[in-house]
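Notes follow once the structure below has been shown.
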Amino acid sequence: MYPQQPPPPGYPPYPPPAMPQAIFTPPPQNDGKAIASLVLGILSIVMCFGPLAGIPGAILGFMSKRDIGRSGGTLGGDGMALGGIITGILGTVLVGGFWIFYIAIFAAVAASAPSSYTPPPYTPYTAYTYTAPVPTVTAPPAPTELKPMPYTGAVTVVDLRTGGGSLRTQIALELGSAKDDGNKLLVITASRKCTACDEVFSAFASYDLQKALYNVRVVRVDVDAFPSELAGLGLDKPLQPWFYKFDDSMKMVDSISADEWDDNNAWNIAPVLKAFMAGTYKKRAGTADAGAKPKIQLSDPF
């Protein structure tokens, strides 16, 4: 383009040259296949559609990039097409791998299950009958020693034990202790299951019997604990209880049984045992004069 010449003299200057008009070019339109590829790729991961959406998304992405390259810039969306390819392949691999894993587990479980089901044999209905339990009666344990004595006041009562030496030795020791205290010794033989024995021993709680035996040392002998030694001392009387007196040489000098009185209460027992220990009890049950009541002097000194 040549430079403009100045106008001839007397003419106005030429107007400035017009500027060329800019040509407006609209932006390229996004390819629809690129948009669809990105949407399918995202669905293959987020919605766990996996290969169902991932494979079509990747194919559309490749087709969109091809068309965008051939359009000469008239089509856009290359980034969306690339994103659709990446998400489609990733969703296909991840979700498809999970599908294959779970299908393999289900197949293994199905293979381990029995091929056919065999129902259990039919059992005909039988009416229920109730059988009442039979109560078991347990016998009480056998006593291992004489029942403890009740309150005896000033009367000393001693029970001989199997671990304290022979029966003769224990009676001799108690005889010596009674003599040292200025008392007499009364030996009573009793059995563990003897009802009369328990009644006699219960009577010791009475003041009448305690007063009658205030200077007597009472020794109880369990006949079940010394079965082989009773005969040697003359204590092997049948039926219990029996009452014995010994002298200083360990010789049994007198004995009576509970047949000497009627009921086993302190009112009946006290006068008989008091006279027996004083040596003044002469009448005995079972003699020819058994019908007569024994004459007892309650004032006899010990």
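Just a few scattered comments:
- The chain: angle of helix 32-46 to the longest principal axis, Cα-based, in degrees nearest 10: 10 degrees
- No Cys partner within the rule (Cβ under 4.7 Å), the chain: Cys48
- Each 10 Å bin from zero up to the one holding the largest Cα-Cα distance in the range 85-180 carries the following percent of pairs: 9, 13, 11, 7, 7, 7, 8, 9, 10, 10, 6, 2, 0.
- Taking only protein heavy atoms and a 1.4 Å probe, the accessible area of the chain is 64% carbon and sulfur.
- Compared with the dominant Cα axis of the chain, that is its longest principal axis, helix 167-180 is turned about 70°.
- Within-15-Å neighbourhood charge of Ala81 [Cβ basis; K, R +1; D, E -1]: +1
- Among Ala266, Ala196, Ala36, residue whose mean-square fluctuation peaks in a GNM of the chain (springs only between Cα atoms under 10 Å): Ala36
- The range 184-253 shape via C-alpha gyration tensor axes, a/c threshold 1.5: oblate
- Largest GNM mean-square fluctuation among Asp236, Asp262, Asp31, using the chain with Cα springs under 10 Å: Asp31.
- Note on Lys193: lysines with a C-alpha under 18 Å away, same-chain residues under 8 apart excluded, are Lys147, Lys237.
- Note on the range 131-281: Cα Rg divided by 2.2 N^0.38 Å, N the number of residues, gives 1.14.
- For the residues Pro238, Pro16, Pro120, a GNM of the chain with alpha-carbon springs under 10 Å puts the largest fluctuation on Pro16.
- Whole-number percent relative contact order across the range 93-247, with pairs defined as alpha carbons under 8 Å at least 6 apart: 29 percent
- Per-residue extension of 0.36 nm, minus the Cα-Cα distance of Asp236 and Thr162, leaves a gain of 24.9 nm for this segment.
- Working note: 222 nm ellipticity from helices only, DSSP H runs with n ≥ 4, each -39,500 (n - 2.57), summed and divided by the residues of the chain, gives -12500 deg cm²/dmol to the nearest 500.
- Spin-label model, Tyr207 to Lys179: label points 7 Å out along the Cα-to-beta-carbon direction sit 3.5 nm apart.
- Correct option for Rg and Dmax of the Cα atoms in Å [calculated from the coordinates] among (1) 63.4, 201; (2) 21.8, 73; (3) 18.4, 58: (1)
- Each part reduced to its alpha carbon centroid, the range 69-133 and the range 149-218 end up 94 Å apart.
- 0 to 90° range, to nearest 10: angle between helix 266-278 axis and the chain longest Cα axis: 50 degrees
- Length added when fully stretched, Val134-Asp247, from 0.36 nm per residue minus Cα-Cα: 34.8 nm
The values are calculated or read from the model by the stated rules, or taken from the named source; none is laboratory data. From a predicted model like this one, the values you see are computed outputs, not experimental measurements. In this analysis, Cβ positions are derived from the backbone assuming ideal geometry, glycine residues included, and neighbour counts consider all displayed protein chains. Note: accessible area is taken over every heavy atom of the protein model, side chains too, but ligands, DNA and RNA are not part of it. Shrake-Rupley method; radii C 1.70, N 1.55, O 1.52, S 1.80 Å.
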